[in-house]
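Below is one structure, written out as structure tokens; comments come after it.
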Amino acid sequence: MKKTLLVSAAVMAFASVASAQVKVGNPMAVTGPIPDLVAPMVDAVNLAVAHVNEQGGVLGQEYVMVAADSGCDPAAAVDAVTKLVNVDQVSALIGPVCSGATIAQATSVAIPAGVVTLSVSASSPAISTLEEGTDLVFRTAASDAYQGVALAELAMASGISDIAVSYAQDDYNAALAAVFAEAFAAMGGNVTANEAHEPDKASYRSEVATMGSTSDNLALFAYYGSGGITLMRNALETGAFSTFIGADGMLSQETIDQIGGENMGAATFTTSASDPSRDAFQAWAALAEAAGVPASDPFVANSYDAAFMMALAIEAAGSADRDGIAAGLRAISGPDGETILPGEFAKAKEILAAGGSINYDGGSGPQDFDGNGDVAGFFSANVVVPKGSETKLTIGSKSYDPEYVWSSTLLN
Amino acid sequence: MFEWLLSDQMVGNMLYVNSLLLMGGIYALMCLGLNVQWGFTGLFNAGIAGFAAVGAYTYAILTTFASGMHIGGYELPIWVGMLAAMITSGIIALAIGAICIRLRADYLAIATIGIAEIIKLILKNETAITNGPRGVAKIPRSWEHLGDARVAEKLPWRLFGEPSAYEGFFREWYPLLFMLTVVGFVLLVYLALEIARTSPWGRVMTAIRENEAAARAAGKNVTRLRIESFVVGAVIIGLAGAFYAQQLRFIEPTNAFDPTKLTFLVWVMLIMGGSGNNRGAVLGGLMLWVIWSGTELVIRFGANVVGDIFPDLSPSVLVTKASFLRLFLIGLILQFVLQRFPKGILPEVRPAALGGKTNEVRD
């Protein structure tokens with residue numbers, strides 16, 4: 001108890017020194033299962049903060065991101081956000097990374113306290129229907145509900161009429177597989193089998209043998225590092241399947257290197273992508289490159305957009321009070337108003353000061369929130385091609401020179 | 001004059017202290033449960049996360065509204081859910097105990113690790129019942145749920161007024177009420193276990209722990225007594241699991257019941273506080289949770305100070321790097337405590353065999 005009081009006293013002492021600040025909490029999954037994915041996302045958030053402060057700050061005050069660790073774990077997220085909301089008195093929250101942590105912190109802490117959560121990468125469809133009578137949970141990443149449908153459309157368009165579905169038993173892949181199977185069946189396709197597999201097994205021969213008798217096509221939802229590659233290799237070795245489709249969990253140079261590009265058959269995996277022809281993406285890519293942030297890595301653009309939009313929302317609301325932020329987010333994201341590209345904070349401030357309305361157009365997409373606080377996203381289809389013949393590289397070049405690479409084509 | 005007491009910052013700080021007592025209390029309950037098994041009887045239970053998960057899921061499924069994602073929609077009252085959590089956890093412990101309680105210390109540990117994994121895999125794969133890895137959301141929390149009009153409609157005190165009259169009260173005051181409830185249960189379990197410890201039952205448990213052959217030779221039914229201890233501990237851990245589910249309001253099998261954060265942390269808490277001493281179990285649970293949670297604030301404060309002195313270093317980068325130090329810190333604290341207090345901060349005090357209640361001797 002003594003320790004707690006000391007800590008509280010210390011925090012209070014600090015809070016009183018730095019009063020001219022607009023504080024936003026940033027509980028990213030710094031530790032936990034995906035720290036390597038999160039590191040560039042944190043950099044992108046800090047880049048947005050730097051841009052806002054270079055251009056005068058929010059409401060003329062310093063824009064401060066209070067970093068915390070949600071560890072991709074519901075219990076850690078609840079604890080971290082309790083501290084951000086109560087001790088640090090943040091105006092809003094940007095992003096727990098994982099869906100489970102986002103749901104737990106929102107229902108346990110943020111929603112009861114009336115604090116807005118703007119997630120940067122939580123993609124679970126369950127988040128759309130999380131709230132009852134409040135408007136406090138938003139996200140800059142598209143729901144899996146969209147990607148599953150995009151994938152079903154892609155399968156239909158490439159002439160697949162029957163397909164077996166195999167998904168890793170984790171929250172991301174299970175949710176995506178459920179959306180895909182439902183959409184594919186609704187479009188008139190035939191789902192011949194729909195089975196979960198346990199990640200990280202040494203062999204999936206029995207799984208692929210059972211499912212292989214029902215169809216030649218496999219919809220595979222797995223992480224390449226947790227059994228996905230093994231399952232695909234077993235399926236190819238036994239000849240159980242010849243055509244594969246799936247989502248971003250399998251997209252890695254590692255997949256090609258371990259299976260061999262010439263062996264991979266007809267494999268197409270989708271991922272959320274940015275449309276490189278859009279002005280907003282080019283503006284973002286230029287800013288990111290100048291700062292050494294990987295612009296096209298997963299959810300990095302979404303992270304920048306979230307931090308930047310939160311600053312715009314507070315500026316538009318005219319105060320850092322928790323109550324006005326949800327309305328602010330809707331005001332600056334809507335399809336109407338003058339377009340603001342990544343980095344254009346001073347311009348946005350000027351328009352808002354003159355009583356105009358703005359529409360932020362982000363590097364990751366137009367970022368127009370629907371009624372549930374969700375955004376639509378762009379997706380790309382990715383196939384394996386010999387290096388040199390790709391339309392656009394999916395994954396940035398590495399130090400060595402691979403024979404085969406992923407080539408990306410934008411869907412929708 | 002006392003306006004500063006009601007400033008947002010002060011209210012926030014008090015709410016944080018409240019949450020520390022709350023989570024610390026939940027961990028203290030788990031420590032008390034483990035103390036019955038390990039501290040009293042010497043049963044090495046390495047499956048705490050599994051029993052907590054059983055309690056949490058039983059509670060969640062019985063009390064949530066229908067979601068269409070998992071079986072449920074029973075909307076049972078919270079106390080029924082908590083009672084069922086304790087009973088289910090106890091029944092599972094009974095079944096496991098009947099099979100493997102005769103295993104000696106380290107073999108029992110391996111068996112319980114395996115059982116916790118089996119429980120986790122069942123929760124993960126029986127998607128029709130538990131919604132699998134996608135988890136159970138919107139779990140009702142004690143007192144807060146009374147602010148939900150759907151719940152309030154059904155309550156007997158509806159006779160005294162419309163739900164709108166008291167919804168607001170519960171929505172505002174549930175953190176304090178919930179914390180007091182958890183702390184009340186910690187106190188209740190503590191008192192019950194103190195009675196158990198000083199009773200003949202508690203002394204037989206110590207006898208089994210210290211010299212099982214002698215206890216058997218004295219005519220005690222050792223197997224039965226070991227099962228009793230295992231079940232009592234599991235019931236308490238199941239209750240803690242139900243509170244854990246209430247506080248998180250969302251549970252899923254993988255991350256929320258990660259053995260490093262439940263099994264390992266609870267063991268460290270008990271060893272640190274004093275295995276065999278109920279007060280030590282409560283102290284260990286509360287203290288380690290305060291350290292675990294509070295270090296983030298200390299680190300953040302330190303990073304800001306360093307950032308003020310050296311403008312080249314970004315505080316947020318420092319915080320990111322320091323997050324990895326927290327697990328290391330727990331290990332360091334454990335080392336320190338084991339060096340300075342080999343029997344825990346509050347070592348076990350054994351009731352004298354013949355001297356009566358007042359004449360306790362230190363081991």
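If R₀ is 56 angstrom, what is the calculated FRET efficiency for the pair A:L410 and B:A192, using the beta carbon separation as r and rounding to 0.05? The calculated FRET efficiency here is 0.30. Here the spin labels are modelled as points 7 Å beyond Cα on the Cα-Cβ line, and at A:S242 and B:E212 they lie 6.1 nm apart.
For B:L43, the residues 5 or more places off, or on other chains, whose built amide H falls under 5 Å of its own are B:W38. Can you give the percent of C-alpha pairs in segment B:1-118 whose distance is more than 17 Å? Of the Cα pairs, 67 percent sit more than 17 Å apart. Using 0.36 nm per residue and subtracting the Cα-Cα separation, the extra length available between A:E131 and A:Q21 on full extension is 36.6 nm.
Could you give the length gained on full extension between B:L177 and B:T223, defined as 0.36 nm per residue of separation minus the Cα-Cα distance, in nm? Spell out each step's value before the answer.
On the way: separation 46, 0.36 × 46 = 16.56 nm, distance 4.09 nm.
This chain segment gains 12.5 nm when fully extended.
Can you tell me the 0 to 90 degree angle between the C-alpha axis of helix A:2-17 and the longest principal axis of chain A, rounded to 10? Compared with the principal axis, the helix lies near 70 degrees. Interface residues of segment B:240-265, defined as those losing at least 50 Å² of solvent-accessible heavy-atom surface relative to the isolated chain (probe radius 1.4 Å), are listed as B:L248, B:F250, B:N255.
Angle of helix A:228-237 to the longest C-alpha principal axis of chain A, folded into 0 to 90 degrees and rounded to 10: 10°.
Keeping the other protein chains in place, figure out the carbon and sulfur percent of the accessible area of segment B:3-255, with a 1.4 Å probe.
70 percent
For segment B:272-303 and segment A:155-212, what is the separation of their C-alpha centers, rounded to whole Å? Using only Cα atoms to place each centre, the spacing works out to 45 Å.
For chain A, the pair-distance distribution built from all alpha carbon pairs, in bins 20 Å wide starting at 0, is 27, 53, 19, 1 percent.
Count the net charge of all other residues whose Cβ sits under 14 Å from the Cβ of B:A214, scoring Lys and Arg as +1 and Asp and Glu as -1. Here the count lands on +2. For A:D162, the amide hydrogen comes within under 5 Å of the amide hydrogens of A:N190, counting only partners 5 or more places away or on other chains and with H modelled in the peptide plane.
To the nearest whole number, what is the average tally of beta carbon atoms from other chains within 10 Å of the beta carbons of peptide B:169-179?
On the way: counts 0, 0, 1, 1, 0, 1, 5, 0, 0, 0, 0.
Going residue by residue through B:169-179 and averaging, the value is 1.
Rolling a 1.4 Å probe over the heavy atoms of the protein chains gives chain A an accessible area of 35 Å² per residue. Rg over Rh for chain B works out to 1.01, using Cα positions for both radii and the Kirkwood form for Rh. Considering only the Cα atoms of the protein assembly as shown, their convex hull presents on average a projected area of 37.5 nm².
I need to check one value: relative contact order of chain A, counting alpha carbon pairs closer than 8 Å and at least 6 residues apart, in percent. Relative contact order here is 16 percent. Summed over both chains, the contact between B and A buries some 4300 Å² of accessible surface at a probe radius of 1.4 Å.
The C-alpha atoms of chain A define a longest principal axis, and helix A:35-54 lies at about 40 degrees to it. Entry comment: accessible area of segment B:3-255 is 42 Å² per residue, from protein heavy atoms only and a probe of 1.4 Å. With 50 Å² as the minimum drop in accessible area between chain alone and full protein complex (1.4 Å probe), the qualifying residues in segment B:120-154 are B:K124, B:P133, B:R134, B:K138. From the largest down, segment B:159-309 spans 65, 61, 30 angstrom on the principal axes of its Cα atoms.
For B:L338 and B:R104, what does the FRET efficiency come to when R0 = 25 Å and r is the distance between their Cβ atoms, rounded to the nearest 0.05? Intermediate values should be presented prior to the final figure.
Values: r = 23 Å, r/R0 = 0.93.
With a Förster radius of 25 Å, E is 0.60.
Both radii come from the Cα set of segment A:59-199: Rg as radius of gyration, Rh as Kirkwood radius; their ratio Rg/Rh reads 1.09. The fraction of accessible area contributed by carbon and sulfur in chain A is 52 percent, rounded to a whole number (1.4 Å probe; ligands and nucleic acids excluded). For segment A:352-369, 3J(HN,Hα) computed residue by residue from phi via the Karplus equation (6.51, -1.76, 1.60; θ = phi - 60°) reads 5, 5, 7, x, x, 10, 10, 9, 6, 10, x, x, 8, x, x, 6, 9, 6 Hz, glycine and proline entered as x.
The residues of segment A:70-117 listed by number as losing at least 50 Å² of accessible area in the complex, against the isolated chain and with a 1.4 Å probe, are A:D73, A:P74, A:A75, A:D79, A:K83, A:N86, A:V87, A:Q89, A:T107, A:S108. The A:S206 and B:A128 beta-carbon pair, evaluated with R₀ = 25 Å, returns a calculated FRET efficiency of approximately 0.65.
What is the average number of partner chain Cβ atoms found within 10 Å of a Cβ in A:59-69? Write out the running numbers ahead of the final one.
Details: counts 0, 0, 0, 0, 0, 3, 4, 5, 13, 8, 8.
Mean partner shielding for this stretch: 4.
Tell me what chain A gives for mean residue ellipticity at 222 nm when only DSSP H runs of n ≥ 4 count, each as -39,500 (n - 2.57), the sum divided by the residue total, rounded to 500 deg cm²/dmol. Walk me through the numbers before you get to the answer.
Working: 13 runs with 156 residues, N = 412.
Dividing the helical sum by the residues of chain A leaves -12000 deg cm²/dmol.
The values are calculated or read from the model by the stated rules, or taken from the named source; none is laboratory data. Only a predicted model underlies this, so the values are computations on that prediction, with no experimental measurement involved. As a convention, Cβ positions derive from the backbone with ideal geometry for all residues, glycine included, and neighbour counts pool all protein chains shown. For accessibility, only protein heavy atoms count, side chains too; no ligands or nucleic acids. Shrake-Rupley method; radii C 1.70, N 1.55, O 1.52, S 1.80 Å.
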